[in-house]
Amino acid sequence: MVLWKADLDNSSIHLAVEASCGGTSLGIQMARQVIDAGGRVLWASPELPNPTRFSQIFTGMDLTASSRFHATNLVGNVDKAFESLANSARILPNVQLVVVDDYAPKSGPFPKDVISAVNDLIKDTEWTTILISKGGVSMSGEPLVARANKKLQTDSVWLLTRPSSDSKRRLWLNEKYIDLQLKESGFHN
């Protein structure tokens, strides 16, 4: 098995995840992929990623390369926080990935101010944006529902599910899926 690599093409991706299936880990892995290729990453979340998980995925990376990972807390006024994130992405050199993790409530509808702030962030960008949030339960047979899917103006919707209780995961990329295995070093296929 090899470490899975995402096709990052300056698009915006709404990643809806089942609880505790590795959404943040997938974001960290994509960040590592970008930094390994010489790019810069901005990470925004109410809390920083788990330091143990972060160090497992970033293990072996040159210290100077890891300095191209910039984390910020999403706290306070949502509009201002997302505006600041967008400004940072435009000012810093070579930003290729912006990850916004856990930016919405874990259940229920997304607040209007969050939807507006996300849509403002992803319009006219020159980087890939990954928006990670908890998915909802499907009532019509889909593996998971991407909440606010019709309101967020993303280019694509991905779903990360846990089909069994072991380390296997399924990443739905629009209508197709990839079976992955979550290990300490990240997702492998």
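No lab work stands behind these numbers, since they all come straight from the coordinates. All values reported here derive from a predicted model rather than from experimental measurement. Note that we place each Cβ from the backbone using ideal geometry, even for glycine, and neighbour counts take in every protein chain shown.
With a ≥ b ≥ c taken as the square roots of the eigenvalues of the C-alpha gyration tensor of region 20-120, please select rounded if a/c is under 1.5 and otherwise prolate if a/b is larger than b/c or oblate if it is not? Walk me through the numbers before you get to the answer.
Working: a/c = 2.41, a/b = 1.41, b/c = 1.71.
Cα axes put region 20-120 in the oblate bin.
Placing +1 at every Lys and Arg Cβ and -1 at every Asp and Glu Cβ, with all other atoms neutral, what dipole size does the chain have around its Cα centre, in debye to the nearest 20?
On the way: 20 positive and 20 negative charges, 59 e Å.
Charge dipole of the chain: 280 debye, to the nearest 20.
Kindly provide the helix-only [θ] at 222 nm of the chain, computed as the sum of -39,500 (n - 2.57) over DSSP H runs of four or more divided by all residues, to the nearest 500 deg cm²/dmol?
Values: 5 runs with 51 residues, N = 189.
Rounded to the nearest 500, it is -8000 deg cm²/dmol.
List the trypsin sites (Lys or Arg not before Pro) within region 31-125 that DSSP assigns to loop and that have no more than 12 neighbouring Cβ atoms inside 10 Å. Write down the numbers at each step before the final one.
On the way: sites: Arg32, Arg40, Arg53, Arg68, Lys80, Arg90, Lys106, Lys112, Lys123; in loops: Arg68, Lys106, Lys123.
Answer by residue number: Lys106, Lys123.
Could you give the distance between the Cα centres of region 108-126 and region 69-101, to the whole Å?
13
Can you return the lysines within cross-link range of Lys80? Criterion is Cα-Cα under 26 Å, with same-chain partners fewer than 8 residues away left out.
Within the straight-line limit of under 26 Å, Lys80 reaches these lysines: Lys106, Lys112, Lys123, Lys134, Lys150, Lys151.
For a footprinting-style exposure proxy, rank Met1, Met61 by other Cβ within 10 Å, fewest first.
Details: Met1 9, Met61 15.
Going from sparsest to densest Cβ surroundings: Met1, Met61.
Of Leu92, Met61, Ser107, which is farthest towards the positive pole of the chain's charge dipole, taken about the Cα centre with +1 and -1 on the beta-carbons of Lys, Arg and Asp, Glu respectively?
After comparing all options, I get Ser107.
Using the Karplus curve 6.51 cos²θ - 1.76 cosθ + 1.60 with θ = phi - 60°, work out ³J(HN,Hα) for each residue of region 67-78 in order, rounded to whole Hz, and write x for Gly and Pro.
My calculation for region 67-78 gives 6, 8, 9, 10, 10, 9, 8, 8, 9, x, 5, 4 Hz in order.
Identify which of the listed values of Rg/Rh (Cα atoms, Kirkwood Rh) was calculated from the structure shown: [x] 1.18; [y] 0.94; [z] 1.03.
[y]
Would you be so kind as to identify which of Asn189, Val78, Ala37 lies farthest towards the positive end of the dipole of the chain, taking Lys and Arg as +1 and Asp and Glu as -1 on Cβ and the Cα centre as origin?
Of the options given, the answer is Asn189.
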